[in-house]
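Worksheet: one structure, shown below.
The values are calculated or read from the model by the stated rules, or taken from the named source; none is laboratory data. Everything numeric here is computed off the predicted structure, so don't read it as measured data. Reconstructed Cβ throughout: ideal geometry from the backbone, glycine too, with neighbour counts over all protein chains shown.
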Ligand code: SF4
């Protein structure tokens, strides 16, 4: 079963379609629930995209300590973290989102900015 919307004669038509392709007109309640969910998802994604609204992550924060985050990757002890290689840093990490002032977003630390030159044990 899946939801479809199509425009015809200037109207938006909303249907549930069963796996056999037969459609059933959606109730107003279903339309309301789906459009509300879509709106909330869009608002959430929009909020996540605003790196300038985030605050810098501090090394002494609990989650930062859990992932051994450091603002300066040059401080990483290679003996303690053998996976660390010189040159590894947040700006080279796959999940780093470039942001303002040499800082960026990171999915590990929602609502925070990490230093482009930083590093943590989730580097990848
Ligand atoms: S996961 Fe990547 S971008 Fe996030 S803090 Fe760790 S090294 Fe930096």
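Remarks
- Qualifying positions in segment 108-122 - part of a loop (DSSP other than H, G, I, E, B) and either over 16 Å from residue 65 (Cβ atoms) or more than 8 Å from the ligand (Cβ to nearest atom) (or both): 110, 111, 116, 117
- Residues of segment 97-107 satisfying the condition of being buried (at least 19 other Cβ atoms within 10 Å of the Cβ) and either more than 20 Å from residue 60 (Cα to Cα) or within 9 Å of the ligand (Cβ to nearest atom) (or both): 104, 105, 106
- Assessment of segment 41-58 against the conditions (within 11 Å of the ligand (Cβ to nearest atom), at pLDDT 95 or above and surrounded by 10 or more Cβ atoms within 10 Å (Cβ to Cβ)) yields at least one matching residue.
- Residues within segment 71-94 that are in contact (Cβ under 8 Å) with a residue 24 or more places away in the chain, within 19 Å of residue 59 (Cα to Cα) and in a loop (DSSP other than H, G, I, E, B), tallied: 8
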